[in-house]
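Enquirer: Just passing along the structure, written as structure tokens.
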Amino acid sequence: MPIIIFILVLIFLILAHEFGHFIAAKTTGMRVDEFGIGLPPKIVGWKPKKSETEYTLNWLPFGGFVRIWGEDAEEGVITPNTKDAGRFFSARPKWAQVVTLFAGVGMNIVVAWALLSVGFMTGLPMSVSEAPANASVTIHGMTIVSVLPDSPAEKAGLLAGDVILALTDNTEALQEPQQAEQVSNFIATKTGERIDVLLKREGETRALSVIPEAGIIPDRGAIGISMDMVGTVQLGFFSALWYGVLATGNMIAVIAVGFWTLLFQMVQGTANLSAVSGPVGIAGMFSSAASSGIGFVLSFVAFISVNLAVLNLLPFPALDGGRILFVIIEAIKRSPIKPVVANTVNTIGFLLLIALMIAVTWQDVARLLG
């Protein structure tokens, strides 16, 4: 069931993105020929009277699309005698083209803000140290935030979201740690020794064992986790709206830095794609979030929405950012880019994106199988 919900969430986020393009195109005077749910072939279509837009339901359940007249270069050129000539995409002012291309990203950001705002109203899990002064906070405990791949923690079965209740070995015990440093210091001197971990997962108490290794952190033992004191933070209506803005902005900054860092590393040949997840890996993360409560789900869906926004804004061919770059170049050179050039560049960009998606998905499947 969580996987089905994740697919529906992904479809919703893509449709929200396309709806942003749709609204902006209509508002700036462009002709929108079709708004589709799913991808062709078409199952059924509906065109209201006095409407230029056909609304379609399509067979392939992968989000949706909006077909703006003239957005694709292969639609050719128009003449002053062409019907609705002034509503052709490239005939509209450059600012209108940029606004329309950016609107999908903007809608994903608005969706993330709305989800985080609702999360703050109903209760959102976050670091206790980052909780607003006027918030109501229910502390969960020392929570594992992330687990390194192939680390002792992952091999032992520890998961992000686990709350550490106690650590014990043959000589000492650490009960209900209040600071991450207490846990890391307890582990630091026990390289190669077994540590018993008592934790809470999905409301149940569990016991696991882990053996710290050297080399994860210089000069000390470690098991490959990051931790924080996490609690459920709840705010009033107006405070929730404001802190939703702040949380969304912080999420955008963190994800943008991550994307650009990965791109630079790929150019340099030093990128580690094992840290990158595709739809299969993200579906697994969503399943874990779903089992942790509605607050985790809202936060995670907002995270996916911002990822879609930042990814689409990258100045790469076939993405919204690449199309915006084309419009800016045309504005600077005061002439359109030749359709054959635009089509070739966008096709190459699209094929590269598909190749990357296949590679990441293959990696996700391999990780699941072994």
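The values are calculated or read from the model by the stated rules, or taken from the named source; none is laboratory data. The model shown is predicted, which means the values in this text are computed figures rather than measured ones. Heads up, the Cβs are rebuilt from the backbone with ideal geometry, glycines too, and the neighbour counts pull from every protein chain shown.
Enquirer: Quick one: is Ile252 assigned to a helix (DSSP H, G or I), outside the structural domain of Asn312 (by TED's automatic domain parsing) and touching a helix residue (DSSP H, G or I) at 6+ places or on another chain (Cβ under 9 Å)?
Expert: Taking the combined requirement at face value, the residue satisfies it.
Enquirer: Can I ask one more? Please state which one of Phe350, Phe296 is surrounded by 16 or more Cβ atoms within 10 Å (Cβ to Cβ), in contact with a Pro (Cβ under 8 Å, 6 or more places away or on another chain) and either at pLDDT below 95 or closer than 21 Å to Val9 by Cα (or both). Quick ask: steps written out before the conclusion?
Expert: Numbers: Phe350 fails: surrounded by 16 or more Cβ atoms within 10 Å (Cβ to Cβ).
The conditions single out Phe296.
Enquirer: Let me ask something else. Answer yes if at least one residue in segment 227-239 is assigned to a helix (DSSP H, G or I) and surrounded by fewer than 12 Cβ atoms within 10 Å (Cβ to Cβ), and no otherwise.
Expert: Yes, because at least one residue in segment 227-239 is assigned to a helix (DSSP H, G or I) and surrounded by fewer than 12 Cβ atoms within 10 Å (Cβ to Cβ).
Enquirer: Give segment 204-226 a look and list any residue that's hydrophobic (A, V, I, L, M, F, W, C), part of a strand (DSSP E or B), at pLDDT 90 or above and surrounded by 15 or more Cβ atoms within 10 Å (Cβ to Cβ), or say none.
Expert: Result: Leu208, Val210, Ala222, Ile225.
Enquirer: Ok, one more. Among (1) modelled with pLDDT under 95; (2) surrounded by fewer than 18 Cβ atoms within 10 Å (Cβ to Cβ); (3) of a type outside the set (S, T, N, Q), which single condition is Ile329 missing?
Expert: Among (1) modelled with pLDDT under 95; (2) surrounded by fewer than 18 Cβ atoms within 10 Å (Cβ to Cβ); (3) of a type outside the set (S, T, N, Q), the lone unmet condition for Ile329 is (1).
Enquirer: Let me ask something additional. Looking at (1) among the aliphatic types (A, V, I, L, M); (2) in contact with a strand residue (DSSP E or B) (Cβ under 8 Å, 6 or more places away or on another chain); (3) not in a strand (DSSP E or B), find the lone condition where Ala166 falls short.
Expert: Among (1) among the aliphatic types (A, V, I, L, M); (2) in contact with a strand residue (DSSP E or B) (Cβ under 8 Å, 6 or more places away or on another chain); (3) not in a strand (DSSP E or B), Ala166 violates only (3).
Enquirer: Please enumerate the residues belonging to segment 332-370 that are assigned to a helix (DSSP H, G or I), farther than 20 Å from Phe316 by Cβ and of a type in the set (S, T, N, Q).
Expert: Gln363
Enquirer: Considering only residues that are of a type in the set (Asp, Glu) and modelled with pLDDT of 90 or more, look in segment 173-203 and name the one that is nearest to Leu159 (Cα to Cα).
Expert: Among residues in segment 173-203 that are of a type in the set (Asp, Glu) and modelled with pLDDT of 90 or more, the one nearest to Leu159 (Cα to Cα) is Asp196.
Enquirer: Can you tell me how many residues within segment 125-147 are in contact with a helix residue (DSSP H, G or I) (Cβ under 7 Å, 6 or more places away or on another chain) and surrounded by fewer than 19 Cβ atoms within 10 Å (Cβ to Cβ)?
Expert: Total meeting the criteria: 4.
Enquirer: Quick one: which of Ile211, Ile187, Ile144, Ile109 is among the β-branched types (Val, Ile, Thr), in the same structural domain as Ile23 (by TED's automatic domain parsing) and touching a residue at least 24 places away in the same chain (Cβ under 8 Å)?
Expert: Ile109
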